[in-house]
Structures are given as structure tokens and as C-alpha cells.
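The values are calculated or read from the model by the stated rules, or taken from the named source; none is laboratory data. From a predicted model like this one, the values you see are computed outputs, not experimental measurements. Virtual Cβ from ideal backbone geometry, glycine too; neighbours counted across all protein chains shown.
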Amino acid sequence: MRSIAYNRSSFGRVIGIREALLEKAAVEKYEVDGKPGVWRRVGNANVFFPDDGSPAIGMPTFANGDPDVEDPKVKKKSKGGSSKYALRGTQLPNDVQKRLKQLKVRNIPNAEIPVGDIKYDLSPKGIHERAVISWRENGVLKHGYTPQFHEKNARKKWDRVRRFEGRVPKIISKLSSEIGKKHGTTKHQGAMIAMIIAKTGLRPGSEKSVDERGRYGVSTLRKEHVSIDGDKVSIDFIGKAGEQNRAEIKDPAIAKSLSQYIGESRDGSIFPDGDRAARAAHKLLPSGMKLKDLRTIMGTKIARDALKEVSIPKPTGNEKKDKRELLRALNDASDIVAGKLNNTKAVAKGHYIHPEVFEAWIDENGYSYLSQ
């Protein structure tokens with residue numbers, strides 16, 4: 001099996017992978033070892049998938065025993081031209097596959113994940129309050145959720161942003177007071193973590209993310225991620241989704257305290273208490289507020305400020321032309337937020353900018369007729 005270069009569509013990164021052509025052959029029922037099922041084409045091999053969801057028979061492998069298939073991001077084109085994830089979830093019972101499709105659960109396991117290693121809950125509580133399906137892939141725990149679950153969480157998040165946005169100055173004042181107290185305690189580390197997030201919009205991070213993916217955040221910063229020049233702190237690390245995260249803070253108290261933590265570090269970690277320190281940071285916030293809300297609030301503030309500077313002509317009444325101008329302006333603002341929060345324009349617009357910010361700006365500029 002030869003290696004090829006594969007261009008990942010999401011970020012345009014080129015990675016070396018094994019060739020994996022996951023094309024389904026014509027479906028016809030057969031029996032193997034007394035089990036009914038179907039044969040499908042996987043690469044250059046014919047693979048039998050039993051109807052009962054037991055492991056596939058004849059899955060091609062490399063010399064090291066790994067399945068000769070790529071991760072869930074390998075796609076194939078359907079006849080209609082739309083991209084579909086090849087072979088996802090085909091090892092699950094037919095009724096489960098059908099229900100997941102009805103629920104519009106997009107993230108489901110690859111076919112090579114044994115059905116016994118997959119947990120799913122299709123009860124009303126599972127659909128609305130937690131992951132519908134969960135499994136481990138390459139040592140990483142993954143989940144699939146319904147759109148209803150995401151919508152419910154989004155409503156709660158935006159309610160928190162609306163509730164706590166105006167209290168951020170007082171929160172920062174409280175954190176500054178804590179930073180001036182006894183250095184090195186878990187609480188002091190928590191205050192530092194919360195303050196850095198409030199000032200930069202960086203993600204909190206977790207030890208689990210470092211262990212499973214090598215992805216960092218503020219609570220898991222290492223000495224090599226931070227450089228200090230006087231009262232200026234520069235932060236640079238690989239975060240979620242492998243994205244480069246960069247930020248700068250100009251604050252003498254933060255710079256001084258970080259210098260101390262770096263000097264005292266024994267294993268390279270800046271905050272030795274890691275997850276415990278992150279939990280301490282959460283306790284320093286108002287009741288009901290989450291640590292990552294500081295990041296969302298920053299994104300919303302940046303968007304609000306950016307929209308003040310975005311140039312947009314008065315609406316013409318030509319719906320097509322006005323929609324184009326409106327989209328350009330909203331994308332410009334989202335680009336600015338994405339640059340600050342180290343993510344994509346789409347993620348910034350969908351997850352870190354309060355919808356009311358865009359709605360108010362649209363009304364102010366006379367474009368509200370487009371949403372009527």
C-alpha cells in the first residue's frame with residue numbers, strides 16, 4: 001500500500017496518509033460463518049459487514065495491524081455531488097443507524113470501531129441532555145450530539161453572556177486583588193488563569209487535552225510557551241484543533257507573577273496544579289458563570305467594537321445587493337474576532353459572538369427588512 005499526500009479541506013493542511021478508497025459495492029445479502037450481512041469494497045479489498053454489528057471480516061490492515069482506513073474526515077463524493085463520510089456507523093444495528101439519521105447526529109464512529117466499544121442512548125433524556133453516542137478512537141473519547149442538544153446549550157451560553165458581560169470589570173478587579181496575595185497557592189494560580197483568559201480570550205485547556213492530543217490552554221501552559229519582556233507577556237502554543245494560539249498582555253503584575261512561576265517550575269509546567277487551578281479559577285467567578293464565558297464575552301466585545309469601524313453603504317432596497325454588502329460586513333467583523341480568538345471566521349461567528357450584536361447592528365444600519 002503506497003502513501004499519498006492528502007489535502008485536508010478544513011484547514012488546507014497537507015498530511016501523509018495511507019490510501020483509503022472507501023467505495024461501497026452493490027449491496028447484496030450474503031452469509032459468512034452463519035451471519036447474514038453485506039460485502040462492501042474497502043480500498044482494494046472486499047470486506048464483510050455482519051448485520052448484527054459484530055466486527056467486520058476481511059478488513060485490510062497494514063503491517064502494524066492498524067486498519068487500512070483513514071480517520072472520519074476521509075470523504076467520498078456521492079452521485080449527487082455531496083460529500084458523505086464513507087462507512088461511518090455501518091457496524092451499528094440498522095434501527096440505530098436509522099434513528100441517528102432521523103436525529104441528524106453528524107458525528108458517528110467509523111466502521112472499524114467495534115460495536116461493543118460504542119455506547120448510545122436514544123431515550124428522550126439522551127437526545128436532549130447528553131451525548132447520544134460515544135466511543136473511543138485512537139485513545140480519544142468522542143461524542144455525537146443532536147442539533148437540539150447544541151441549540152439548548154447555545155441558549156444557555158448566550159443567556160450567561162448577557163447576564164455577566166457587564167460584570168467583567170468587577171471580575172477583573174477581584175482577580176487583580178487575588179494575584180496580589182500569596183503566590184503559589186492553587187487559588188493564586190486560579191486567579192492568574194482566569195485573568196489571562198479575561199485579557200486574551202485564550203481557552204482554559206485541560207490536562208486531558210494535553211495527554212490525549214498534545215493541545216494546550218492557559219491552565220496547561222509550559223515555560224516554552226511564554227516569553228516576558230519587561231511588563232509585556234507573549235504567549236504562543238498549539239491549542240484546540242492544532243491551531244497556533246498567540247496572544248500578548250501588557251500588565252506588570254501578570255508579568256511579574258508569571259516570571260516567578262517560570263523560575264519555580266520543576267517539570268516545565270507554569271501552573272503546577274493544572275486542572276485543580278482551573279477549578280479554583282471557576283470558583284473566583286460569579287455563581288453560574290463558566291471560565292470559558294470570559295472568552296465568549298471577549299469575542300462579543302471585539303465584534304461590537306469591530307462593527308463600529310466596518311464601512312457599509314446605506315441599503316438600496318435591492319435585496320440581492322444588500323445581502324451581499326451585509327454579508328461582507330459581518331464577515332469582516334468575524335475575521336477580526338477569529339484573529340483574536342485563534343479560530344476560524346465561521347466558528348467565531350457561530351460560537352463566540354452574541355447574535356444580538358449582529359441583530360442590533362443590522363437594525364441600526366437599516367438592513368432589518370432583510371430578516372422580515
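A few remarks follow.
- Qualifying residues in the range 205-222 (those that are basic (Lys, Arg) and in a helix (DSSP H, G or I)) - the one surrounded by the most Cβ atoms within 10 Å (Cβ to Cβ): Arg213
- Verdict on Leu175 being within 26 Å of the chain's Cα centre (by Cα) and of a type in the set (A, V, I, L, M): no
- For the range 336-357, a residue qualifies if it is touching a helix residue (DSSP H, G or I) at 6+ places or on another chain (Cβ under 6 Å) and either under 22 Å from Asp159 (Cβ atoms) or in a loop (DSSP other than H, G, I, E, B) (or both), and the qualifying residues are Val337, Leu341, Thr344, Ala348, Lys349, Tyr352, Ile353, His354, Val357.
- Taken over the range 132-147, the criterion of being closer than 17 Å to Leu103 by Cα, free of Cβ contacts under 8 Å to residues at least 24 places away in the same chain and either among the aromatic types (Phe, Trp, Tyr) or in contact with a helix residue (DSSP H, G or I) (Cβ under 8 Å, 6 or more places away or on another chain) (or both) is satisfied by no residue.
- Selection count where residues are surrounded by fewer than 19 Cβ atoms within 10 Å (Cβ to Cβ) and under 25 Å from Arg155 (Cα atoms), scope the range 111-121: 1
- Residue within the range 338-353 that is farther than 30 Å from Ser219 by Cα and not aliphatic (A, V, I, L, M) present: no
- Residues of the range 307-328 classified as within 23 Å of Ala154 (Cβ to Cβ) and surrounded by fewer than 22 Cβ atoms within 10 Å (Cβ to Cβ), total: 2
- Wholly within the range 246-335, helices (runs of 4 or more DSSP H) carrying at least 1 residues that are of a type outside the set (A, V, I, L, M, F, W, C) and within 21 Å of the chain's Cα centre (by Cα): 274-283, 293-309
- One residue from Lys240, Lys250, Lys301, Lys283 being basic (Lys, Arg) and not assigned by TED's automatic domain parsing to the domain that holds Ala198: Lys301
- Members of the range 266-275 found to be at negative phi and exposed (fewer than 15 other Cβ atoms within 10 Å of the Cβ), listed by number: Arg266, Asp267
- Per-region count, the range 269-323, residues within 16 Å of Gly190 (Cβ to Cβ), of a type in the set (A, V, I, L, M, F, W, C) and out of contact with any Phe, Trp or Tyr (no Cβ under 7 Å at 6 or more places or on another chain): 7
- In this structure, Glu207 does satisfy being in contact with a Ser or Thr (Cβ under 9 Å, 6 or more places away or on another chain) and closer than 27 Å to Arg130 by Cβ.
- The set of residues in the range 166-217 being among the aliphatic types (A, V, I, L, M), under 15 Å from Gln244 (Cα atoms) and free of Cβ contacts under 8 Å to residues at least 40 places away in the same chain consists of Val210 alone.
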